[in-house]
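Trainee: Handing you this structure, nothing more for now.
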Amino acid sequence: MFGRFIRTELNWDAAARSGCHVSTRNCRLRTELGEFHTVWYLGPHGGRAGVNDPSARPLRVREAGAPALLTAERNLVVREFENEFVRAGAPATLELPVYETESGVRILLDGNHRAVAAHRSGLPVDLLIHRLHGPADAAILPDLVHYRG
């Protein structure tokens with residue numbers, strides 16, 4: 001469905017072996033968008049961190065828009081998307097692929113900049129969410145190492 005467009009390190013073979021399945025739903029709740037996890041991380045002392053840092057904490061969309069938490073380049077991209085959404089007017093329309101674990105953790109597989117920009121804009125949202133449902137297994141998605149236990 002959206003495999004070649006995914007930018008995270010999703011292992012499609014491992015996902016298929018684990019029995020992952022896809023569902024799609026519409027959502028108009030900005031608060032729900034804010035709860036999605038990005039693939040951006042905060043270190044234990046408040047600085048940016050990478051996925052391979054065991055003490056890193058994934059940022060949710062609602063907190064990832066803080067300019068102090070973004071690199072200058074990332075903030076510029078988010079600001080450009082935010083300006084586009086504001087110029088286009090409400091609602092901010094997005095189609096997003098999400099990995100969803102059995103415990104309900106939802107990680108954006110692509111569209112992190114757009115999702116953060118839409119949320120940061122304060123506009124209403126109209127989301128088409130493609131959810132890949134599967135286990136919290138880092139062999140499928142390395143980011144899942146942060147969601148065990």
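Trainee: What is the residue count in segment 1-26 for residues that are more than 17 Å from Asn112 (Cα to Cα) and at pLDDT 80 or above?
Mentor: Going through segment 1-26 one residue at a time, the tally reaches 16.
Trainee: What strands (runs of 3 or more DSSP E) completely inside segment 1-120 contain at least 3 residues that are surrounded by 12 or more Cβ atoms within 10 Å (Cβ to Cβ)?
Mentor: Because the criterion is at least 3 residues that are surrounded by 12 or more Cβ atoms within 10 Å (Cβ to Cβ), the strands (runs of 3 or more DSSP E) in segment 1-120 that meet it are 37-42, 57-60, 92-101, 106-108.
Trainee: Shifting gears a bit: If you go through segment 52-74 one residue at a time, do you hit one that is in contact with a Gly (Cβ under 7 Å, 6 or more places away or on another chain) and over 18 Å from Phe36 (Cα atoms)?
Mentor: So far as segment 52-74 goes, yes, one or more of its residues are in contact with a Gly (Cβ under 7 Å, 6 or more places away or on another chain) and over 18 Å from Phe36 (Cα atoms).
Trainee: Still on this structure, please answer the following. Name every residue in segment 103-126 that is in contact with a Gly (Cβ under 8 Å, 6 or more places away or on another chain) and of a type outside the set (A, V, I, L, M, F, W, C), in order of residue number.
Mentor: Those that are in contact with a Gly (Cβ under 8 Å, 6 or more places away or on another chain) and of a type outside the set (A, V, I, L, M, F, W, C): His119, Arg120.
Trainee: Condition (residue is farther than 16 Å from Leu10 by Cα, out of contact with any helix residue (DSSP H, G or I) (no Cβ under 6 Å at 6 or more places or on another chain) and assigned to a loop (DSSP other than H, G, I, E, B)) applied to segment 126-147: is it met by at least one residue?
Mentor: no
The values are calculated or read from the model by the stated rules, or taken from the named source; none is laboratory data. Given the structure is predicted, the values throughout are model-derived calculations rather than measurements. Cβ: placed from backbone, ideal geometry, glycine included. Neighbour counts: every protein chain shown.
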